[in-house]
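The block underneath contains the structure these notes are about, expressed in structure tokens.
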Amino acid sequence: MAALRCNVELSLVLEGVGVLVAGWAFESRAAVYDVALLVESEPPIEIGESWVRVSRPDVVELFSVSASDEVLARNRDSGFFALAAHGGVIDPRSRTRLLFTPMDRGPSVEAALSLEPSTGPLEPNVANYLRHNLPALLRLFKMHDVVARPSVQSLLAAVGSEPRELDRMMGFDPSANAVELGIDLAAANLDEGLVMIGWVSLEAERVSAARLGNGGAENIDVLPFTSFLSSHAVAGRPASSTSFVIGVPPAALAIVPRRLTLRFELTDGTSVSTSFSAVFGGRVLVETASSIEGEAWLALAEVIEEHWTERRAWGEESIRKSVSSVAKQARGKASAMFEAVSKSVAGAIDYVFVIPNRGLLVVGWMIDFEERVRSLVAHWSGGRSGDVLPEAFRLSRPDLVKAYAPWSEGWSSDRVGFACFAPAPGVRSDVLESSLYFTFQCESKVRWRLRPLQLRTTNGDPTPCIREILKLIPPEDANVLFKHLGPAIDGLWASRSPRREQEPVFEIGAPPERPTVSVVVPIYGRYDLIEYQLALFADDPDFQGAELIYVVDDPRIAQLALRLCRELFPLYRVPCRVVVCRRNNGFAAANNVGAAIARGRLLLLLNSDVMPIRSGWLSELTRIYDALRQPGALGATLLFPDGSVQHAGMTFGQIPTYPGLWLNSHPKKGHPNEPNTRKGPVAVPAVTAACLMVERQLYLSVGGLDEDYILGDFEDSDFCLKLRAAGRQVWYSPAVELYHLERQSQTLIGTQDWRHGLTLYNAWRQTEKWGGAIGKLLQEGSSWKSDTAS
Amino acid sequence: MEERHRVLVISHGHPEINPGGGERAAYDLFRELKSRPGVHAMFLARHDGGGQNAAVFSQFSPDGSEVLMNSECEFFRFSQRDVQLVCRDFRGLLEWYRPTVVHLHHFVHLGLEVIREIKNYSPSVPIVLTLHEYLGICNNNGQMIRTRGDELCRRATPGACHRCFPDVSPQNFFLRELFIKSFFSLVDAFVSPSQFLIDRYVAWGLPREKFVLIENGQPALEPAPARPLGSSGTRGRFAFFGQIQRYKGLQVLLEAMTLLPKALRGGLDGISLDVHGAHLAWQSAEYQSAVHKKLERTRQYVRMHGGYDHADVASLMSGVDWVVVPSIWWENSPLVIQEAFAHGRPVICSDIGGMVEKVRHGENGLHFRVGNAQHLAERLVEAATTPALWDRLRAGIRPGSRIRDTVDKHLEIYDGFSPYHRVPVTPSLRVV
């Protein structure tokens, strides 16, 4: 069957307008098509995208046996109305085809059609067809702006619709429809705000409001900033059009979005609107505006001058001066105007993240290849930062290169973005929210004042901010990590509201009162793993005597997880305790919460994706632990599903791309799990918390896992370093093997994923905390490698 | 008389409601067990709830020995999501019937959880599970062929399964395996009608010592007489029996029919084919149209008969000389091979899996390279034109096992469990 099935049900020649084609096209391949009408001895008439689609349940029904549900769903609106625009005369006797050509060079599909003239009375079934689809038909005519054409009017009359009814259905007034609005030029300059030059095809008196929107909540009345010029004829515009210049000062424009909508509300209650994009920067304005006439420039100069008069109150004398000079020049030589204002400098502060009590993380951009900007300083009520530029990390901004083309073709680098952590001890969010602004200081006293486009503060949960930061500022090298990201994220994470000490605990079955081992399993996201563990613990007698604690650290699934444990108990009969956290606290906190309620002499920290290979492993691990000299932490051998090694102890290492940063490494990862002749425990620098046994008292005495690492990373190696600092040893057992379904670890090269950034942040934190100890430990080196327990 | 065994036979369906080889084998076992002195048997068949009373259970036979259970499970890891159904309702039935042995013929629809609940009920009641295909191993309907290109699969691994089903991660395939094995480890004996299936499950990690090979015995029947030949006729009439779906390979056989030499197409001395198979209309539109296209090209010498009643097999066999089994999957122990042999018809089959175990090339049938229509066409020509080949292969057919023998062997297993049977519960989960 062809990928596209098409049936043309109607084709009418509308004199002076073109050919109206209606029918359906059922498409099974999700391909995109060029559609054209081929009329004998005429060039193809492109129909393009100006279709109107209509729902066709009858067509869906037709294909319901042979097509998949997905294809059917995609083709719900398989009906179409299209207009092949053609201003000339088309002979209805011409042989005509509708041609669908897929963009991916698949086979074309054709549908033959026979044209009918629309003059004279319509056949009753054609009239019915059109009447039934009147809204679609009107939408099509509106789209092509042909409602007022005589042939369309006579068709609509023949269909039998009242003009009033049409208006009601369409929600437009045919007379207002004739109003047209156009924007010749729209440009935003850093400090001057937004300037638009355009025309509207009516007299200025008929405009009652002018609203500027960005598609979101922003909706500003810009009429106070609008100057209408006298009507004059310009080629390509309706004869009676009025030109206007709108200059919106930055004070009225909190955000300068790229995609804008300007709507004029008219005195008769109707409105006219247009959407357009604004470009940024003076040079661009000058170049794109070269066609604007002298009179418009003059008006523009007046607008700017008028609004700059207001700004004198700010004491920005230098700017006022340059603006007057612009106005002066505009009267003489229009094209030089913006040169004088901004020359080759542009920039913005895109984001400021408030790091409570510590400072600001500033993210922005600055184009300054002539190195005119001397400093960038943040000011707020009662304080100011130092110059952030010397320390700033330069970010690549391909989006700006694109936005500033063709000017950007001359740039020597795309690293026009920057990010900088500016320390400001004791700084408060509320103060910054009300008073923060930045100054760019140039040579010769030129100074620009900017407010940040986005000011981010946290409200107890800094995770969204951290995620956003890591997406904006990829930790490309050790410098940005150590100087900017590390301190900023550290401060944000420290500002989170403290977690509750007590969380609700539910007992399922009869967990033992005095167990030897408490198994603590944090649950986040995939709670179905509980079922697999229970199925695999069910036949292991160890789990009748152990205390199994599930810590559900994920409010989204808390009730589901609890319910699952309750439901499955009669089948698997593994007693357990379920702690339901009222917010997501992270891996370390979840383990700490579990440890706090545990009753066993020993703790076993276990991940939910660790699965036993055989019964008896828990008592075996206990026996080995109790026989250790200096017992600290004891890990197990963890295997990937294919049987290769996932974990046989951890150590520390650095990689060339981040000199000085201590990362964890898993020696032997992915190696075949060779039968180990030495089955006794092996001393290692650290073990993973995916399966880690430790005395409960010892765990509590060193403060458990450090909760200041973010989202489950490095707290295990940190914990092992804490035990070492307390004079204990760390071991793993080659004899006790379990499966660990850990995802393949992410590579450190290339990925821009924020999770990867987080790993680097956590490594930074570990390095700050333990760098010296790790270096010493690795220097002592060889001794622990061969050391084994008795 | 002293009651030696109380056997609860559990099936994924009742053959009178869901006709199928597995259901039939389970029911035959139950009927024969019930007739033996000292054995009490009960048949519990799952059904989909249609037309029965609203309770979980409903009585199917007047004497109460056949009961239906309304259940459905999910089909990735065969888990019964309704734990109450298992731990309350199914458990209640166990407590009421008090079986000494539970014999499961399958676990689909019921869910694997019933196996654990039998052990919860009593660790001393042995569990026997008959395996019919490779469902535990393979997510592609247990066929062990790849989802793309009909390639044969020799070993399922999480990575290989993920390549067949890209939407399911290797981790989830591994969890599936662990989950299924956690229940299989509670089974005391596995019964398989083919050595091939045993080898596949042992390679997957089940202990070989738990397996017993027992053929699905057939009821006693009167063999169909050999097709009488006219003065010049040859043994050129072939037949296909069974459901029509692509794994059964009818498309290969029809393709082979188009490749026959012109002189041998139909006629008294030529080759013809009778297709007895239902459910073509359930197949995909492409498959249907491919079959119809080939039938159109071969209509002079291929006859499409559609479905048939099991009772008519003998009369259908009497009109043909050979039975062709062109399956493109491994098969286990196809019923059609047993039926062909019971009626003295040599079999031409694909050279893989459970088929070659039952059909020996040159002894009681012929093999052709699986999926290879050209090779099958050569075999058909060879079969129809080699003098005395048919008689020789027909003479090579050994009598198949009877239900009576099958049940004797089952009773041997049940007898082998000690009265205080205890299962050492040490799950052996390692991937071999």
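The values are calculated or read from the model by the stated rules, or taken from the named source; none is laboratory data. All values derive from a computational prediction rather than experimental measurement. We place every Cβ from the backbone using ideal geometry, glycine too, and count neighbours over all the protein chains shown. Side chains included, ligands, DNA and RNA excluded: accessible areas come from the protein's heavy atoms. Shrake-Rupley method; radii C 1.70, N 1.55, O 1.52, S 1.80 Å.
Quick rundown of the values:
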item	result
FRET E, pair A:K679, B:A314, Förster distance 60 Å, beta-carbon r, rounded to 0.05	0.40
Accessible surface of the stretch A:1-91 [probe 1.4 Å, protein heavy atoms]: carbon and sulfur percent	50
Mean-position separation - Cα centroids, the stretch B:216-286 and the stretch A:1-41, in angstrom	49
The stretch B:290-332: C-alpha pair distances exceeding 12 Å, %	75
Accessible area per residue, Å², the stretch B:165-315 with all protein chains present, probe 1.4 Å	45
Distance violations [Cα-Cα > 24 Å] among B:K119/B:K210; A:K471/A:K669; B:K248/B:K358; A:K679/A:K722; B:K34/B:K358	A:K471/A:K669; A:K679/A:K722; B:K34/B:K358
Whole-percent carbon and sulfur share, accessible surface of the stretch A:531-653, 1.4 Å	54
Residues in the stretch B:79-109 that, when all protein chains are in place, have 10 Å² or more less accessible area than the chain alone would give (probe 1.4 Å)	B:R81, B:V83, B:C87, B:R91
Theoretical FRET efficiency, 1/(1+(r/R0)^6), r = Cβ-Cβ of A:E433 and A:R583, R0 30 Å, to 0.05	0.75
Long-range HN-HN contacts of A:F652 with modeled amide H, under 5 Å	A:S665
Solvent-accessible area per residue for the stretch A:563-626 (1.4 angstrom probe, square angstrom)	30
Sparse-neighbourhood loop sites, GluC sites (Glu not before Pro) in the stretch B:29-113 - DSSP loop, at most 14 other Cβ within 10 angstrom	B:E74
For chain B: Kirkwood Rh in Å [reciprocal of mean 1/r, alpha carbons]	23.1
Total accessible area lost when B and A pair, probe 1.4 Å, Å² to nearest 100	2300
Descending Cα extents along the principal axes, the stretch A:532-689, whole Å	49, 37, 34
Residues along the stretch A:518-541 losing 30 Å² or more of accessible surface when the other protein chains are present rather than the chain by itself (probe 1.4 Å)	A:R526, A:E531, A:Y532, A:A535, A:L536, A:D539
Förster radius 25 Å - calculated FRET efficiency between A:R372 and A:K483 (Cβ-Cβ, nearest 0.05)	0.50
Residue-normalised accessible area of the stretch A:654-725, given per residue in Å² at a 1.4 Å probe	39
Carbon/sulfur fraction of accessible area - chain B, other protein chains in place, 1.4 Å, %	51
Distance in nm between pseudo-label sites at A:A73 and B:T157 (7 Å out along the Cβ direction from Cα)	3.5
For chain B, calculated [θ]222 nm from helices alone, where every DSSP H run of n ≥ 4 adds -39500 (n - 2.57)	-9500 deg cm²/dmol
Mean projected area in nm² (Cα convex hull; one quarter of hull surface) for the stretch A:567-651	8.2
Value of Rg to Rh for the stretch A:1-149 (Rh from inverse mean 1/r over Cα pairs, i.e. Kirkwood)	0.96
Local electrostatic count, B:Y308, Cβ distance below 12 Å [Lys/Arg +1, Asp/Glu -1]	-4
Threshold 20 Å² - residues in the stretch B:160-185 whose accessible area is reduced by that much or more when the chain is no longer isolated, probe 1.4 Å	B:Q171, B:N172, B:F174, B:L175, B:L178, B:F179, B:S182
Three principal axis lengths of the stretch A:81-159 [C-alpha, angstrom, descending]	42, 27, 26
